[in-house]
Amino acid sequence: MFPTGPFDFDPNRILFRSSEWTGRPTPLTTGIESANREALPAVNLDVFIGYNAQDLTEVHAVVNAIEQFGVRAWLDARDLPPGRMFQDVIQGVLQSCGSVAMFIGAHGMGPWEALEMKLAISEFVRRGLPVIPVVLPSVREPRLPLYLSEFRMVRLRPGAGLAAGVEELVWGITGTRPGPRPDADDYSMRSST
């Protein structure tokens, strides 16, 4: 049993210490949740990008490439404003985006990415959200987590195979197979930032 008093712990609620303890915990979430919802404009996003932070440079380059096709991607490293509780914002984005791309790089799946994957799969079950495992060129032998292995993956290969992989990813995100871009040979794994 958890202790009772001004610091009661309830894993389903965020609590704060009350100056006059009434015997009932007081939720702190009301203002926070609305502040985070107001923090981001209501935008129709095509894809949420899940990744290990150690692979950000490689992921950012792929995001730049898919955005050349008009895909609207949400990448926390550039789209999450400072001062926001990222867990709340990410949950909101995952509930409203059109698909999820879970990137697997040389550093494997990070701890936050694993949680994002679970949320994404829940959204797949709830509303049929496409979940696309994306294997980055730095991975020789992909080892996908068990749940992700059930989804058809996109394998990005270095060199000439990169353009085809990017186009396949765009197809998975939008549901429409894109035509080759005139500058398809210019895809590189360098980020523009």
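Every read-out reported here was derived from the displayed coordinates using simple, explicitly stated rules and does not represent laboratory data. Small disclaimer: the values here were computed from a predicted structure and weren't measured. Neighbour counts run over all protein chains shown; Cβ positions are idealised from the backbone, glycine included.
Of the peptides 55-66, 110-121, 143-154, the ranking by mean beta-carbon count within 10 Å, highest at the top, reads 55-66, 110-121, 143-154.
Report the relative contact order of the stretch 42-177, percent, no decimals, based on alpha-carbon pairs under 8 angstrom and at least 6 residues apart.
Numbers: 203 pairs, mean separation 38.1, N = 136.
Worked out over the stretch 42-177, it gives 28 percent.
A crude spin-label estimate for the pair residue 106 and residue 44, with each label 7 Å from Cα along the Cβ direction, gives 3.9 nm.
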